[in-house]
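Okay, so here's the structure we're looking at.
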Amino acid sequence: MPTDPGCKVDAAVERYGLESADPRYESIDEGLLARWKGLDDRAPMGYRSLTEWFNKRLLKQVYDEHGRDSLGARVDSDYEALRSDGELVREEMIESLSADGIDGDQVLEDMVSYGTMRNHLQECLGGDKSPQTAETEWERESIEVAREVTREKAERALSSLESKGQIEGVESSSIAVQIQLSCESCPTRIPFEVAVEQGYVCEKHDKTHATSH
C-alpha cells in the first residue's frame, strides 16, 4: 500500500519496530484497517479509540524493550498518566519512565493524534468504510468524546479534592466512565455497547421507551 514518507504513524512504526505489533494480522497496517472497518467479526473502532490502541501498542513495545512491567493494566494506567492534562501527573510519569531508561518526552512526542490516524487510514492506506459503517461511526465517536471530556473533568475535580485533603489515592487510581441506558418501564440498565450490540435496551419493553442517564 502507498505510504506517505512524512506520515507520523509510519515514522512511529519504523522507529519502534511496530510492523508486527498486532499478532492477529500480518502487519500493523492490516490490523489498523481491519479494526477500523470492523472486519473479522469485530465491532468497528473509531479514530479516537484506534489512536489510543496504537499509542498503547507503542508504549508496550517500549516497555518490553526496556524490561519494564507491561502486564495487566499497567500500560493503560501509565498511558493515561502520560497523556494527562495534569502537569504534575505527567511529569511524575516521565520521571518514572526515566528511572527505567526510557525517554518519556520522546515517547510522548512520537505518539500520534486522532487527526494523524485518520489521515493515515484514508490517505496513506487508501482505506474506505462501507456507507453503513461510515454513517453510524459519528454516533460512536460522539460517545467516545463525551466519555473523554467527562473523565478529564472528573480527574481535575478529584485532583483538586486530593490537594485539599478531602480524598486520598487519586493519583494512583484510574477513572472509568460508562454510558448506561435505562428502561423507563423496569429496572433494566445496560451499558451503551451492549445496547448497540443487541439492538435494544430492554427485551421485555418497547425500546422507544428507553432513556439515557
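Summary of computed values
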item: Selected residue (criterion: nearest to Val75 (Cα to Cα)) from residues of region 135-189 that are of a type in the set (Val, Ile, Thr) and at pLDDT 80 or above; result: Thr150
item: Filter result (hydroxyl-bearing (Ser, Thr, Tyr) and either more than 18 Å from Trp53 (Cα to Cα) or in contact with a Ser or Thr (Cβ under 7 Å, 6 or more places away or on another chain) (or both)) within region 103-130; result: Ser113, Tyr114, Ser130
item: All positions within region 98-109 that are of a type outside the set (Gly, Ala, Ser) and over 18 Å from Arg15 (Cα atoms); result: Asp100
item: Subset tally (residues that are surrounded by fewer than 16 Cβ atoms within 10 Å (Cβ to Cβ), within 15 Å of Val170 (Cβ to Cβ) and either outside the structural domain of Gly104 (by TED's automatic domain parsing) or within 13 Å of the chain's Cα centre (by Cα) (or both)) for region 74-89; result: 1
item: Residues of region 37-52 classified as touching a Lys or Arg at 6+ places or on another chain (Cβ under 7 Å) and within 23 Å of Glu80 (Cβ to Cβ), total; result: 4
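The values are calculated or read from the model by the stated rules, or taken from the named source; none is laboratory data. Note that the coordinates shown come from a computational prediction; the quantities given were computed from them, not determined experimentally. Heads up, the Cβs are rebuilt from the backbone with ideal geometry, glycines too, and the neighbour counts pull from every protein chain shown.
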